[in-house]
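**Q** Starting off with a structure, shown below.
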Amino acid sequence: MTVTTDVKQRGRGRPLTRLKGHWIDDWRPEEPEFWANGGAKVARRNLIFSIFSEHIGFSVWTMWSVLVLFLGPAYNIDPAGKFMLTAVPALIGSVLRLPYTFAVARFGGRNWTIFSAALLLVPSVLAAFLIEPGVSYGTLLILAAVAGVGGGNFASSMANINAFYPQRLKGWALGINAGGGNLGVAVVQLVGLLVLATAGNGSPGLVAGVYIPFIVLAALGSALYMDNLSQARNDKGALRDVSRDAHTWIMSILYIGTFGSFIGFGFAFGQVLQVQFKADFDTPIKAAYLTFLGPLLGSLIRPVGGWLADKLGGAKVTFWNFVAMAAAASVVLAASTQESLPLFLTGFILLFVFSGVGNGSTYKMIPAIFRAKAELGVANGGDPVRADAEARRLAGALIGIAGAVGAFGGVLVNIAFRQSFLTTKTGDGAYIAFIAFYALCFVLTYLVYIRTHGRKLAGV
């Protein structure tokens, strides 16, 4: 059955959008009249439920940053083993981001959101009932790995919302979508704090159990209120083409430094506090009081990074942001060697904040890179329309690759902590590695995008 929506073209009465079930066959957001006469309302409705589903996905993905705080002596797991439990979901989530990106066009944004939201029930139900003293470490690794499915939701959500909005509003829509999803990292840690404060550290399953009804609501909301766009298409050629461009891998490295830091620290911060300052955080609830603050600030400030990039230039903001991240990591290293908890917390909170700023500024650089290359092509006699379409095609593909590679940074952060505590019993080795990586990032940003040279791209 075909149902005509209330989106109509004034004066002509022709439906702008026709729905077959929840499939939209005609979607033209770049046309002002279409957008004003109902298109904006449809896009906003899809954005709201996309944010909710993605938010829950982030919470499930990073749930093990909280659950490891419950794994006391009865579980017989050392710090290195706990860091592995947080590295595994980070790894699975990063791997899933590419197929999740393509799934939107293959199955429909609404359909995939329903499926990906409902799939979150698997890790949540398993964790709710299987985590208890006596469970094998292998079982815990499997449970942590299954939670990685939540990491893919960001990629499919961003791809879906990108298709709904006109070019002039994509930055705002994607920024709100990403920020709302990132907040899930802080919220799951607040849920963990609530469980610890009310039920104690003997009920880790309650953390996962709290999310079960919200997962059901996310799937139902997506089914009732979201839409599929039949015009959405996967361009596998774009992925192949953009992978041959050096800027793809440069931006992926930079995104490891920003988003990889944000998600990696989100997974690891509570454990680091308990291991590094054991006397101050001898119970899980003491660590939980602080773990949510960094991810919360990093999520809220992400749009500010995009705004600053609009005003000052993405490359310039990213360069100085990595300088600031290196300085903040140096503060953490100094605090670690001096065993100063206030200084340590200050440095780590700054790392979260700057990683959030960098998430916004690096994402702004991606379309700017291909827009600048398109302008060069037009200046050399190319067709403006084709150049603009090509820029959008490649920028979309690069966002997918950078998102997947950047998420892998979360794995590297947890592996760095694991190795550092195994070899030196402190996180100092990891902090030195972070400083060196941030230095590589700001040098790379300067050499490629800021320094004047023959192949410099204007406006990045």
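The values are calculated or read from the model by the stated rules, or taken from the named source; none is laboratory data. Nothing here was measured: the structure is a model prediction, and the numbers come from that model. When we count neighbours, we look across all protein chains shown, and the Cβ atoms used for this are built from the backbone with ideal geometry, even at glycine. Only protein heavy atoms, including side chains, enter the accessible area calculation; ligands, DNA and RNA are left aside. Shrake-Rupley method; radii C 1.70, N 1.55, O 1.52, S 1.80 Å.
**Q** Would you be able to say whether some residue in region 327-348 is out of contact with any Cys (no Cβ under 9 Å at 6 or more places or on another chain), surrounded by fewer than 24 Cβ atoms within 10 Å (Cβ to Cβ) and under 27 Å from Leu169 (Cα atoms)?
**A** Looking for residues that are out of contact with any Cys (no Cβ under 9 Å at 6 or more places or on another chain), surrounded by fewer than 24 Cβ atoms within 10 Å (Cβ to Cβ) and under 27 Å from Leu169 (Cα atoms), one finds none in region 327-348, hence no.
**Q** Among the numbered conditions (1) open to solvent by 50 Å² or more (accessible area, probe 1.4 Å); (2) among the polar types (S, T, N, Q); (3) within 26 Å of Arg302 (Cβ to Cβ), tell me where Asn201 comes up short.
**A** Result: Asn201 passes all but (3).
So that you can scan it fast, the table gives a plain yes or no per residue for (1) hydrophobic (A, V, I, L, M, F, W, C); (2) surrounded by fewer than 24 Cβ atoms within 10 Å (Cβ to Cβ); (3) closer than 20 Å to Val411 by Cα; (4) at pLDDT 90 or above:
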| site | (1), (2), (3), (4) |
| --- | --- |
| Phe265 | yes, no, yes, yes |
| Val272 | yes, no, yes, yes |
| Asp282 | no, yes, no, no |
| Ala287 | yes, no, no, no |
| Ala315 | yes, no, no, yes |
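**Q** Let me spell it out: the conditions are (1) buried (at least 18 other Cβ atoms within 10 Å of the Cβ); (2) part of a helix (DSSP H, G or I), and Arg393 meets all of them except one. Which number is the exception?
**A** (1)
**Q** How many residues does region 90-119 hold that are closer than 23 Å to Ala268 by Cβ and in contact with a Gly (Cβ under 6 Å, 6 or more places away or on another chain)? Before you say what the answer is, go through the steps one by one.
**A** Of region 90-119, the ones closer than 23 Å to Ala268 by Cβ are 90-97.
Retained after the next criterion (residues that are in contact with a Gly (Cβ under 6 Å, 6 or more places away or on another chain)): 90, 92-93, 96-97.
Count: 5.
**Q** Taking the condition modelled with pLDDT under 95 and surrounded by fewer than 22 Cβ atoms within 10 Å (Cβ to Cβ), does Ser156 pass? Steps first, please.
**A** Working: modelled with pLDDT under 95: yes; surrounded by fewer than 22 Cβ atoms within 10 Å (Cβ to Cβ): no.
Here the answer is no, as Ser156 does not meet what is asked.
**Q** Hey, another quick one. Test of understanding: among Ile161, Ile176, which residue is among the hydrophobic types (A, V, I, L, M, F, W, C), touching a Leu at 6+ places or on another chain (Cβ under 6 Å) and assigned to a helix (DSSP H, G or I)?
**A** Details: Ile176 fails: touching a Leu at 6+ places or on another chain (Cβ under 6 Å).
Result of the check over Ile161, Ile176: Ile161.
To keep it simple, each residue is scored yes or no on (1) of a type in the set (Ser, Thr, Tyr); (2) in a loop (DSSP other than H, G, I, E, B); (3) touching a strand residue (DSSP E or B) at 6+ places or on another chain (Cβ under 6 Å); (4) closer than 22 Å to Gly427 by Cα.
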{"position": "Ile263", "(1), (2), (3), (4)": "no, no, no, yes"}
{"position": "Gly270", "(1), (2), (3), (4)": "no, no, no, yes"}
{"position": "Asp280", "(1), (2), (3), (4)": "no, yes, no, yes"}
{"position": "Ala287", "(1), (2), (3), (4)": "no, no, no, yes"}
{"position": "Leu296", "(1), (2), (3), (4)": "no, no, no, no"}
{"position": "Pro303", "(1), (2), (3), (4)": "no, no, no, no"}
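**Q** Those residues that are within 20 Å of the chain's Cα centre (by Cα) and surrounded by fewer than 21 Cβ atoms within 10 Å (Cβ to Cβ), I need them from region 33-48; list them, please.
**A** Within region 33-48, Ile48 is the sole residue that qualifies.
**Q** Answer yes or no: is there a residue in region 171-188 that is modelled with pLDDT under 90, closer than 16 Å to Phe49 by Cα and touching a strand residue (DSSP E or B) at 6+ places or on another chain (Cβ under 8 Å).
**A** Checked against the condition, which is being modelled with pLDDT under 90, closer than 16 Å to Phe49 by Cα and touching a strand residue (DSSP E or B) at 6+ places or on another chain (Cβ under 8 Å), region 171-188 yields no hits at all.
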